[in-house]
Amino acid sequence: MSDALDHLARPAGHLLARVDDLLTRFGAADDDPIWPLLRRVRALPGEATAALTSTLRAEPITAAGAAVRARTTTYDEARAAVSAPVAWEGPAGDAFEAHAARLAADLTAATDHLAATARLADEAADWVVRTRARLAAVLAEVLTSGEAVAVVLGANDAARAAVTIATRVLTALDSAGVDAETISHPGRGLRSGPVSALPPANYERITRLSY
């Protein structure tokens, strides 16, 4: 499904290709704010925008999150099965109960991890939507700006105009990177580590199994 960024991709691509060329040929002043932006984004505005527009999509991430969330049902069913009471007495029954309790706890932890991963996918998909909308808004502004006219017509101040456009686009991309850092880690707050040892079972006494 196309969005505003898709609709702006072609005209913005032509403009930003000129911007990239002017930046490569003429650069900018040593103290220009564009340099730290270029270092953080690590790409020219035209290259970065083209890559993001074609590859960064929310739909596959949303679908992956739904698939992971659907798997939690299997774990819930398995946990219910191992947690069902069994009329088993004696040492073997005690050992079975301990193992079943541990397995149920591990299944609960696995379910929690799956749920956290699904939430991560949801947050990542929301971030993609925000990022594409932010970049589309900036592109709409620069396409109708005086700087765009200067770049396209090759005016005397075209190089300076290219720096201004590049700064706007790179600022949007840099903000998207900062925004991405707020996405939760899927394993945060969940139990992890080696499986704890189960108590040893004593099978010397009589075991009774009721039917």
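Just so you know, all these numbers are worked out from the coordinates, no wet-lab data involved. Small disclaimer: the values here were computed from a predicted structure and weren't measured. Quick reminder, even Gly has a Cβ in these numbers, built from the backbone with ideal geometry, and neighbours come from all protein chains shown.
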(request) Please indicate, with yes or no, whether at least one residue in region 98-114 is crowded, with 17+ Cβ neighbours inside 10 Å, acidic (Asp, Glu) and more than 22 Å from the chain's Cα centre (by Cα). (result) no
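Within region 65-101, which residues are touching a Leu at 6+ places or on another chain (Cβ under 6 Å) and of a type outside the set (Val, Ile, Thr)?
Just the residues of region 65-101 that are touching a Leu at 6+ places or on another chain (Cβ under 6 Å), to begin with: 68, 71-72, 75, 78-79, 82, 88, 98.
71, 75, 78, 79, 88, 98, listed by residue number.
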(message) So residue 40 passes all but one of these: (1) without any contact (Cβ under 8 Å) to a residue 60 or more places away in the chain; (2) surrounded by fewer than 18 Cβ atoms within 10 Å (Cβ to Cβ). Which condition number does it fail?
(response) (1)
(request) Answer yes if at least one residue in region 144-165 is within 17 Å of residue 3 (Cβ to Cβ) and touching a residue at least 12 places away in the same chain (Cβ under 8 Å), and no otherwise. (result) no
